[in-house]
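The values are calculated or read from the model by the stated rules, or taken from the named source; none is laboratory data. Quick caveat, the model's predicted, so the values are computed rather than measured. Note: ideal-geometry Cβ built from the backbone for every residue, glycine included; neighbour counts use all protein chains shown.
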Amino acid sequence: MKIAMLSAVGLLLAAGSANATTFSFASDVDHTSFTFAGFGQVLRDAQDRSDPVTLLIDDDNGPLPALSFDLEFQFDAMLTHVASIPVGGGQFLHTYTLAGSQGPAASFGFYDALGAPVLTAQFVGGIFSADGSAGTWGSTAGVQAGDITGQVVYTWHGADIPAYGLFTGQSVGLDDAAFTLSFLQTAGGPGVGLGATAPYPVEEWASEGSFSGTAHFVPAPGLISLAGLSLGFMGRRRR
């Protein structure tokens with residue numbers, strides 16, 4: 001009886017623990033369009049429903065094959081300049097904090113062909129950085145956000161997929177998100193010119209992009225409660 005009880009306790013604790021799930025998409029999945037775009041302080045996606053990205057979902061480097069979804073990608077953020085630091089040889093690192101266009105949290109998400117959300121996320125404390133000259137971004141940049149220095153919250157809108165650590169609702173624990181921007185360019189060519197008085201892009205620009213992120217979800221409280229009731233029932237039957 002003790003062995004059965006301990007096994008049940010282990011299952012209950014496992015149900016209540018967070019499971020890591022990794023998300024990603026590769027750069028330039030659709031060769032006919034860009035991933036990111038912007039102007040001034042605006043940083044947004046450059047996608048529409050005719051050119052989805054392929055979102056991959058992995059079981060924390062486990063044995064299962066990655067799940068694949070062709071989805072519309074959306075991104076919403078506003079840049080606030082922090083510093084432009086010389087790093088030698090005429091090269092500068094331009095850094096910016098990120099907020100949302102409608103509030104303090106920036107956001108991104110993945111949507112099906114009908115516009116219904118599949119996976120969405122909000123984050124605060126994110127950083128955008130780009131190298132270049134004193135007055136330009138070069139052709140690469142990046143976005144980083146994580147729970148150690150800020151907050152990232154994912155929401156999975158689909159059904160539970162326990163084998164991949166996916167449960168309907170918001171994530172908990174240490175989550176993160178990172179985007180790599182490449183081939184940044186304007187109509188004039190690679191690179192992005194910045195304003196003389198405020199270091200924001202003075203022309204519309206676009207870039208390719210890739211994504212990687214980690215989230216931790218837990219089962220709904222009802223499932224954990226059900227496991228607890230089962231545990232109690234097992235104990236009573238063996239008395």
Practice item. Take residue 121 and decide whether it is at pLDDT below 95 and in contact with a strand residue (DSSP E or B) (Cβ under 6 Å, 6 or more places away or on another chain). Key: no
**Study point:** Tally of residues being of a type in the set (A, V, I, L, M, F, W, C) and touching a Ser or Thr at 6+ places or on another chain (Cβ under 6 Å) across the stretch 71-92
**Key:** 4
Review point. Would you pick out the residues in the stretch 170-201 that are among the aliphatic types (A, V, I, L, M) and either free of Cβ contacts under 8 Å to residues at least 40 places away in the same chain or under 30 Å from residue 21 (Cα atoms) (or both)?
Key: 172, 174, 177, 178, 181, 184, 187
Check your understanding: Taking the stated definitions as given, is residue 131 at pLDDT 95 or above, over 18 Å from the mean Cα position of the chain (by Cα) and among the acidic types (Asp, Glu)?
Key -> yes
Review point. Among the residues of the stretch 69-85, is there at least one that is in contact (Cβ under 8 Å) with a residue 60 or more places away in the chain, more than 30 Å from residue 160 (Cα to Cα) and surrounded by fewer than 20 Cβ atoms within 10 Å (Cβ to Cβ)?
Key: yes
Revision key, fill the gap. Counting only residues that are at pLDDT 95 or above and either surrounded by fewer than 16 Cβ atoms within 10 Å (Cβ to Cβ) or more than 16 Å from residue 60 (Cα to Cα) (or both), the stretch 164-182 contains a total of 8
